[in-house]
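So the structure is just underneath, and the comments pick up after that.
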Amino acid sequence: MAICENGLIRGVKVVRQQSRDLGALFKDVVGKGYQPQYFLSDFDVHFPKIVSQAIEGILFLKDFVHALRIIGRYFDVAVRQVTIEVPQGTSLKERQKQLDLKRHLLRKRLKPVLALFFKAFQPGYESVAFLYIEGALARLQDPQIVIQTESVCDLHKQLTKFFAKHGKTLEFQFEQKAQVGLLCTSNLLESKNSIFKPFARIAQSFQRSDTCERFWSGVALMEDFDVKQRGLHQGTSAMQRAEINLDDLGAHSFFEAVGLAD
């Protein structure tokens, strides 16, 4: 599924071969009335190549939620992989007890550092986000704050590498988010996916990809015309928010679009 920042579902596609089918999806959504500047996704390594071939000159952005998940996962691994040295002959039960205690202590020491990373990505902190990130990285190397185990040193290396690779992109996003309200999470896409879940059970019975895609397109069209009754977009539809000219579209409601207006 491909959606825009207004929540309008621009295209759906049954994916059997990733590069071919996703490339076709992204090419199909681009047209005279829609020329996206940014592509926001998770950290999938295949997306940049596929999308750049379909949409020339587009910039790639990273989902803040997925960035925090990756960072959180690094911290979990650091705690899980911590080791202990015990006297020879120590029972397995006592060894495990001491290991659990060390993991508990390490998690307690790492928790405030992880909180700094999470705070950097919170709304309102865009202008100082990298100060928090740099401060958190410095704390990881301070033996008075965090026990300098091998797993903690590996954690610092992984995070340093992560921000060296994605830092410029994230810095651009922080800046644009503060200045123009740039969308930096794919929560909207996840919300759409949850709406599609009940229909996914029906789609499993289809044997042909084109039949399934027509079915998905109908569901997407219904969702695009749906006027929300609550939440941030209460009283509007995705069609309205995206400023789609319904006269040019040839339908002012879902039922008109599918020929059931009468």
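How about region 121-157: which chymotrypsin sites (Phe, Trp or Tyr not before Pro) there lie in a loop by DSSP and see at most 11 other Cβ atoms within 10 Å? Don't skip to the end; give the middle numbers.
On the way: sites: 121, 125, 130, 132; in loops: 121, 125.
Counting only loop positions with at most 11 other Cβ atoms within 10 Å, none of the chymotrypsin sites (Phe, Trp or Tyr not before Pro) in region 121-157 qualifies.
Mind grabbing the base-10 log of I(q)/I(0) for the chain at q = 0.16 Å⁻¹? Debye formula, identical points on the C-alpha positions, no solvent, two decimal places.
With no solvent term, the Cα-only Debye profile gives -1.21.
For region 110-184, what does the alpha-carbon gyration tensor say about shape, rounded, prolate or oblate, given a ≥ b ≥ c as the root eigenvalues, a/c under 1.5 as rounded, and a/b over b/c as prolate? Don't jump to the answer; show the numbers that get you there.
Values: a/c = 3.20, a/b = 1.99, b/c = 1.61.
Since a/c reaches 1.5 and a/b is larger than b/c, the shape of region 110-184 is classed as prolate.
Placing unit charges on C-beta atoms (Lys and Arg positive, Asp and Glu negative, everything else neutral), compute the dipole magnitude of the chain about its Cα centre in debye, rounded to 20. Each step should come with its number before you reach the end.
On the way: 35 positive and 29 negative charges, 280 e Å.
Computed about the Cα centre, the dipole is about 1340 debye.
Can you check what the net charge comes to around residue 245, using other residues whose Cβ is under 15 Å from the Cβ of residue 245 (Lys, Arg +1; Asp, Glu -1)?
-3
Per Stokes-Einstein, at 37 °C and 0.692 mPa s, what whole-number D in µm² s⁻¹ belongs to region 148-262, with the Kirkwood radius over Cα pairs as the hydrodynamic radius? It would help to have the intermediate numbers written out before the result.
Working: Rh = 18.4 Å.
Diffusion coefficient, whole number: 179 µm²/s.
Can you give the charge dipole size of region 123-176 about its Cα centre, rounded to the nearest 20 debye, using +1 on the beta carbon of Lys and Arg and -1 on the beta carbon of Asp and Glu?
On the way: 5 positive and 7 negative charges, 32 e Å.
Its charge dipole is roughly 160 debye.
Can you give me the relative contact order of region 148-262 as a percent, contacts being Cα pairs under 8 Å and 6 or more apart? Walk me through the numbers before you get to the answer.
Values: 37 pairs, mean separation 12.1, N = 115.
Relative contact order here is 10 percent.
Long-range amide H contacts for residue 40: which residues qualify at under 5 Å (H placed 1.01 Å from N, peptide plane, sequence gap of 5 or more or a different chain)?
When sequence neighbours closer than 5 places are left aside, the close amide H contacts are 61.
For region 166-262, which trypsin sites (Lys or Arg not before Pro) are in a loop by DSSP, counting at most 15 other Cβ atoms within 10 Å? Walk me through the intermediate numbers first.
Numbers: sites: 168, 177, 192, 201, 208, 214, 228, 230, 241; in loops: 208, 228, 230.
For trypsin sites (Lys or Arg not before Pro) across region 166-262 that sit outside H, G, I, E and B with at most 15 neighbouring Cβ atoms in 10 Å, the list reads 208, 228, 230.
Counting only pairs 8 or more places apart or on different chains, how many lysine pairs in region 159-262 have C-alpha atoms closer than 27 Å? Display every interim value, and only then the final one.
Numbers: 161/177; 165/177; 168/177; 177/192; 177/228; 192/228; 197/228.
Here the count comes out as 7.
I'd like to verify something in the chain: which complete DSSP H helices, judged by Cα projection on the helix axis, reach 15 Å or more and average at least 1.0 on the Kyte-Doolittle scale? Can you show the working numbers first?
Numbers: long enough: 18-29 (17 Å, -0.31); 64-80 (24 Å, 0.75); 92-120 (41 Å, -0.57); 129-140 (17 Å, 1.20); 150-180 (42 Å, -0.63); 187-203 (24 Å, -0.01); 209-225 (24 Å, -0.14).
Span-like helices, by this rule, are 129-140.
Mind giving me the nanometre distance, one decimal, between the label points for residue 211 and residue 229, set 7 Å out from Cα along Cα→Cβ?
Those two pseudo-labels are separated by 3.3 nm.
Answer with one residue from 88, 101, 188: the one whose Cα lies farthest towards the positive end of the charge dipole of the chain, charges on Cβ with Lys, Arg +1 and Asp, Glu -1.
Projecting each Cα onto the dipole axis, the largest value belongs to 88.
First obtain the Kirkwood hydrodynamic radius of region 67-166 from its Cα pairs, then insert it into the Stokes-Einstein equation at 25 °C and 0.890 mPa s, and state the resulting D in µm² per second as a whole number. Show your work: numbers first, answer last.
Numbers: Rh = 14.5 Å.
Calculated translational D: 169 µm²/s.
Through the Karplus equation 6.51 cos²θ - 1.76 cosθ + 1.60, θ set to phi - 60°, convert the phi angles of region 143-148 into ³J(HN,Hα) values in whole Hz; use x for Gly and Pro.
x, 7, 9, 10, 4, 7
When only DSSP loop residues count, what trypsin sites (Lys or Arg not before Pro) in region 5-72 have their Cβ near at most 13 other Cβ atoms within 10 Å? Present the calculation step by step, with values, prior to reporting the outcome.
Values: sites: 10, 13, 16, 20, 27, 32, 49, 62, 69; in loops: 13, 16, 32.
Passing sites in region 5-72 are 16, 32.
Here, each number is a calculation from the coordinates, and none is a lab measurement. In this text, all values refer to a predicted model and were calculated from it rather than measured experimentally. Heads up, the Cβs are rebuilt from the backbone with ideal geometry, glycines too, and the neighbour counts pull from every protein chain shown.
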